Amino acid sequence: MPLEDSPHSSRVAVLYEGRGDCQRLEKLAHQLSVPLLQSGDPDARTQVDFFLAWRNDCLTLLQSDSLQRGGLFADFDVRGEQQRSWPAPKKGPLAQAIGRKTRLVVDATAGWGQDSFQIFRMGYEVLCIERSPVMAELLWDGLQRLAAQAWMRELHLTPPQLLTGNALEILATLTFQPDCIYLDPMFPPKRKKSALARKSMRILRELLGDDDDREQLFAAAWQAAGKRVVVKRPDYAQPLAGKPNESFQGKLVRYDVYLKMGVSAQL
């Protein structure tokens, strides 16, 4: 989906803060069809709500009313003891939902890529789909930094692939059949008062809105999947596509598993 066709396109600009490669930012602004603004522009904060800028060698998403803060970027760093384990153990509700014998997973709603990264860390082959050009640029930058990490190079690993576009269209034209398609559609927030969602998810919702086509997305995933469709849901939400074959409960979310005929939930 071209950014200019998005209802949120007028809210984003690229910001040059006087350091780094200005030509790179000019190219990014051209690709996204958004303005390139200077940090000294007195009107910069009033023209848009979000900026893309280079900070600390990362493409970073900034809110215009808090430019002095660090902002958000696609973070795929592996810390501490995690680096000593490849692949990470296939345990926990997400691994149970994906299935031990699954090989290829398509994350059709990649967002910040954290679920994709967790799935990748468990040794699965992962293809990410992200419809927002802004989020796709942030993801691509994070995946390039992931590929450059020492443990990735030492193990000769290739990071998840990324496709930018509407998952409804991409899933319908896949030339292969992934074992599992993973969906984490944006959903309306809980009406009752509760703890604030993580900042990254609040910003994602503010920038992109809800996924109002989630039922159609599930139908497209069901047609394209070889073995299963896994839907991540908040623990209070109804299943997206009727009663699942299996559900695996996490702390605040659950993973509903819809199996193609003849497939065991544990495979």
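Values quoted throughout were computed directly from the atomic coordinates according to the rules given, and no laboratory measurement underlies them. All values reported here derive from a predicted model rather than from experimental measurement. We place every Cβ from the backbone using ideal geometry, glycine too, and count neighbours over all the protein chains shown.
Spin-label model, Asn245 to Lys91: label points 7 Å out along the Cα-to-beta-carbon direction sit 2.5 nm apart.
Peptides 250-259, 136-145 ranked from most to least packed by the mean count of surrounding Cβ atoms within 10 Å: 136-145, 250-259.
Please list 116-123, 166-173 highest first by mean number of surrounding beta-carbon atoms within 10 Å per residue.
Descending mean neighbour count gives 116-123, 166-173.
Sequence-distant contacts, meaning Cα pairs under 8 Å at least 6 residues apart, place the relative contact order of segment 80-259 at 23 percent.
Computed 3J(HN,Hα) for segment 145-156, one whole-Hz value per residue from the Karplus formula 6.51 cos²θ - 1.76 cosθ + 1.60 where θ = phi - 60°, is 5, 4, 4, 8, 5, 4, 5, 5, 5, 4, 8, 6, glycine and proline marked x.
Note on segment 80-259: with charges restricted to the Cβ of Lys and Arg (+1) and Asp and Glu (-1), its dipole about the Cα centre is near 860 debye.
Note on Thr175 and Arg69: their simple-model spin labels are 4.4 nm apart, each label 7 Å out from Cα toward Cβ.
Could you sort the peptides 152-164, 94-106 by per-residue average Cβ neighbour count (10 Å cutoff), highest mean leading?
Descending mean neighbour count gives 94-106, 152-164.
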